[in-house]
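Notes follow the structure.
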Amino acid sequence: MHQEMSVDQMRLYQEFVTKSLEAREAEEALRAAMGQEDGGDVQTSEALRDIRGILADQKFRLSGSECVLLACLSKRLEGEEFTDTKRINILLHSFNRKPSNTTKVVDGMEKKELLEIRSDGLHAHKMYCLTDRGQRHVWSLLERLSGEGGNDRLAVVRG
């Protein structure tokens, strides 16, 4: 089959395979993290409880990026693979954590390869999800924050 493809077609196919592999690895990492194989509902509910507790505790001085990452993980754990700014804003606003410009935060995190943005055009509604790197980063963040017991802190997302 590859002998029938042009160089451009082979590059596109390589990109397709790479993205498919990344998606599968991210899905397996998420399932492992959620423990779906054995009692995943308990781990999922505990992770959601931790996220909500961190967002509700104003002693945590979270950056806008951290708030968005935690909200994206929360939505992912609730079953939404892709989410949008409106859903994230509503969730974060309910905890008095809405960043001044969520869209700008999301665009910055896409550049750091923490989020993947999907859009049907220049002025189309954007949907986004955590990348594999973003998932690892936010799980690490959640682990650090849930272990701090409410200590004051200023956190910064690093790419």
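Please treat every number below as a calculation from the coordinates, not as lab data. Since we're looking at a predicted model, the values are computed, not measured. Here the Cβ is made from the backbone with ideal geometry for all residues, glycine too, and neighbour counts use every protein chain on show.
Observations
- Annotation: lysines with alpha-carbon distance below 26 angstrom to K112 (same-chain offsets under eight excluded): K19, K75, K86, K98, K104, K126.
- Dipole of the range 2-154 [Lys/Arg +1, Asp/Glu -1 at C-beta], most positive-end residue of T18, I90, L77: I90
- The HN-Hα couplings worked out from phi for the range 9-20 by the Karplus form 6.51 cos²θ - 1.76 cosθ + 1.60 (θ = phi - 60°) are 5, 5, 5, 4, 5, 4, 5, 4, 5, 4, 5, 5 Hz, whole numbers, x standing for Gly and Pro.
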